[in-house]
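One structure is given here, and the rest of the page talks about it.
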Amino acid sequence: MAAKEAQSEEASRLGVRAQGWPRRFNVVGLAFSSNLLCYMDRMNLSVVAPVMMAEFGWGEATMGIILSSFFWGYTALQVPGGWLADRYGGKRVLGTGVAWWSFFTLLTPLTRSLSLLLIVRSLLGMGEGVNFPAIHSLVSRWVPVYERSRAIAFIFSGIYVGMIVALPVSVWIMTTLGWPFVFYIFGALGLIWCPLWYMLVTDRPEDHPSIRPAELQHIQDGRPVAPQVVRTPWKEILSKAPVWALIIVHFCNNWGFYIFVAWMPTYLVKVHGFSLKEMGLYGMIPYLSMVLCANGSAWVADGLLRRGVNRTRLRKTFQTIAFLGSALFLILLGQVHNPAAVVACMAAALGINSLGSSGFGVNALDIGPQYAGVLMGLENTSGNLAGILTPAVAGLIVAATGRWDLVFYLAAAIFVFGAMVWNVFSTGEQILP
């Protein structure tokens, strides 16, 4: 029976493809590119940080505060963004967010005082704050269950590709045209993206004017019912232990991840003597590792689900490997000094960590598909509290002790704690009706 169902599902998938380009691929592809733009615009300040620190006389502690200011606005819009997307649709929420953050990216070089820069970075963060909740809300309505690990992994890959692109391209723009043009060019790309989004995407597949009946049936047959939300049951959501596990684990994951986002360029340049061009080239390698590992593991995860592997067991296994494997290489990173070994440890730590896209990364769609935007908003609020704390804490640790290894050891300990919480409290089953 299971084999026949698998064959039927495969035949349905092939039938949908045979009739033309699936419209759900537009949603996934543009969500991928939204993440790409999101992280290019988030990463650009980290890349130009060494130049700005020298030009304006800022130290590590000051730059840590500037980097963390992005998350003041970013965190504030997570839950409201998710609620708006679930209630009114992710299309308008995400489209407005991309236009908003692109405008403030363009404005960044014009704010030469520290106070104005903090305000602009916070406002830019507000626009990006709706990105992930809106995407999760759309995926819950557009993507069948057995495609979700792959869809989320591919969408998350936009983060890593954004970083891969941001590093060398930012360095090239900075050395060729000057650092302000990094912000001008990246901001303009977001404004180009917006018309494509509004032309090609709808909130639900049922609303798309050109979706084929076979694809619509394929989507409806392969997903739980997830209508637009009329009322959000906040008390029920916040009373569930797996929801809190997701919130805590997202915090733990982001603590380690944002060390690299915020400080890797400065660490490679100031500690290991990389030139700006070397930093731009070798700094891509860890994020390329994430692209390959996230997408490869997601195909394995969806394949295992189709073969009947228990979803809870699968989510726990992938996340445990992601956290403990990454913790091991963070510890090693604190002990190596050879530049090649440093890059290798970073690549291994981030590559293994990306297996979490098939663990906690897709879990909001498992436990409450109708409220996926709100759940993502809650967990990303927690995750981005780590984004506020991590750059500042890391900068203060280095300023006080001169030791980067303490930064990596702390992140490894937080990963181990996250693995424990995940294995005790998480589930892959739907717990919210």
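The values are calculated or read from the model by the stated rules, or taken from the named source; none is laboratory data. Only a predicted model underlies this, so the values are computations on that prediction, with no experimental measurement involved. All Cβ positions, even for glycine, are placed from backbone atoms using ideal geometry, and neighbour counts span all protein chains on display.
Quick look at the numbers
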{"read-out": "Test: residue in the range 123-139 that is touching a Pro at 6+ places or on another chain (Cβ under 6 Å) and under 20 Å from Met53 (Cβ atoms)", "value": "no"}
{"read-out": "Residue identified as modelled with pLDDT of 85 or more, aliphatic (A, V, I, L, M), touching a helix residue (DSSP H, G or I) at 6+ places or on another chain (Cβ under 8 Å) and within 20 Å of Thr390 (Cβ to Cβ) among Val48, Val79, Val98, Val93", "value": "Val48"}
{"read-out": "Hits in the range 72-93 - residues which are within 28 Å of Ala49 (Cβ to Cβ) and touching a residue at least 60 places away in the same chain (Cβ under 8 Å)", "value": "Trp72, Tyr74, Thr75, Gln78, Gly81"}
{"read-out": "Among the candidates Thr381, Thr427, Thr401, residue that is closer than 30 Å to Val271 by Cα and hydroxyl-bearing (Ser, Thr, Tyr)", "value": "Thr401"}
{"read-out": "From Phe360, Phe323, residue being over 22 Å from Leu432 (Cβ atoms), touching a residue at least 12 places away in the same chain (Cβ under 8 Å) and among the aromatic types (Phe, Trp, Tyr)", "value": "Phe323"}
{"read-out": "Residue within the range 264-274 that is of a type outside the set (D, E, K, R), buried (at least 17 other Cβ atoms within 10 Å of the Cβ) and free of Cβ contacts under 8 Å to residues at least 60 places away in the same chain present", "value": "no"}
{"read-out": "Meets criteria (out of contact with any Ser or Thr (no Cβ under 6 Å at 6 or more places or on another chain) and not in a helix (DSSP H, G or I)) for Gln335", "value": "yes"}
{"read-out": "Count of residues meeting criterion [of a type in the set (A, V, I, L, M), in a helix (DSSP H, G or I) and over 23 Å from the mean Cα position of the chain (by Cα)] in the range 396-433", "value": "7"}
{"read-out": "Count of the range 361-375 residues which are aliphatic (A, V, I, L, M) and more than 16 Å from Val130 (Cβ to Cβ)", "value": "3"}
{"read-out": "Only one of Ala54, Ala85 that is surrounded by fewer than 24 Cβ atoms within 10 Å (Cβ to Cβ) and assigned to a helix (DSSP H, G or I)", "value": "Ala54"}
{"read-out": "Test: residue in the range 221-243 that is within 21 Å of the chain's Cα centre (by Cα) and within 30 Å of Thr390 (Cβ to Cβ)", "value": "yes"}
{"read-out": "Pro339, sole failed condition from (1) at pLDDT below 90; (2) in contact with a Cys (Cβ under 8 Å, 6 or more places away or on another chain); (3) more than 30 Å from Leu84 (Cα to Cα); (4) of a type outside the set (Ser, Thr, Tyr)", "value": "(2)"}
{"read-out": "Hey, Ala327 surrounded by 24 or more Cβ atoms within 10 Å (Cβ to Cβ), assigned to a helix (DSSP H, G or I) and at pLDDT 90 or above or not", "value": "yes"}
{"read-out": "Qualifying positions in the range 125-137 - out of contact with any Asp or Glu (no Cβ under 7 Å at 6 or more places or on another chain) and surrounded by 24 or more Cβ atoms within 10 Å (Cβ to Cβ)", "value": "Gly125, Gly127, Glu128, Gly129, Val130, Asn131, Phe132, Pro133, Ala134, Ile135, His136"}
{"read-out": "Condition check for Met376: assigned to a helix (DSSP H, G or I) and within 30 Å of Gly59 (Cα to Cα)", "value": "no"}
{"read-out": "Answer residue from the range 1-45, given it is at pLDDT 85 or above and surrounded by fewer than 17 Cβ atoms within 10 Å (Cβ to Cβ) and is farthest from the chain's Cα centre (by Cα) among those", "value": "Trp21"}
{"read-out": "Pair list, Cβ under 7 Å, 6 or more apart: the range 146-161 residue touching a residue at least 12 places away in the same chain (Cβ under 8 Å) and hydroxyl-bearing (Ser, Thr, Tyr), other residue crowded, with 24+ Cβ neighbours inside 10 Å and assigned to a helix (DSSP H, G or I)", "value": "Ser149/Ala298; Ser149/Ala301; Ser149/Ser358; Ser149/Val362; Ser157/Ala294; Tyr160/Tyr287; Tyr160/Met290"}
{"read-out": "Long-range neighbours under 6 Å by Cβ, at least six apart or interchain, first residue in contact (Cβ under 8 Å) with a residue 12 or more places away in the chain and crowded, with 17+ Cβ neighbours inside 10 Å within the range 394-417, second assigned to a helix (DSSP H, G or I) and not hydrophobic (A, V, I, L, M, F, W, C)", "value": "Gly395/Glu60; Gly395/Gly64; Val398/Glu60; Ala411/Gly256; Phe415/Gly256; Phe415/Ser326"}
{"read-out": "Enumerated helices (runs of 4 or more DSSP H) restricted to the range 130-213, each holding at least 2 residues that are under 21 Å from the mean Cα position of the chain (by Cα), farther than 29 Å from Pro286 by Cβ and modelled with pLDDT under 90", "value": "131-142"}
{"read-out": "Whichever residue in the range 335-350 is hydrophobic (A, V, I, L, M, F, W, C) and free of Cβ contacts under 8 Å to residues at least 12 places away in the same chain and, among such residues, is nearest to Gly256 (Cα to Cα)", "value": "Ala344"}
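Matching residues to (1) within 30 Å of Arg223 (Cβ to Cβ); (2) acidic (Asp, Glu); (3) modelled with pLDDT of 90 or more:
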{"residue": "Gly387", "(1), (2), (3)": "no, no, no"}
{"residue": "Ala394", "(1), (2), (3)": "no, no, no"}
{"residue": "Tyr409", "(1), (2), (3)": "no, no, yes"}
{"residue": "Ile414", "(1), (2), (3)": "no, no, yes"}
{"residue": "Phe425", "(1), (2), (3)": "yes, no, yes"}
{"residue": "Gly428", "(1), (2), (3)": "yes, no, yes"}
{"residue": "Ile431", "(1), (2), (3)": "yes, no, yes"}
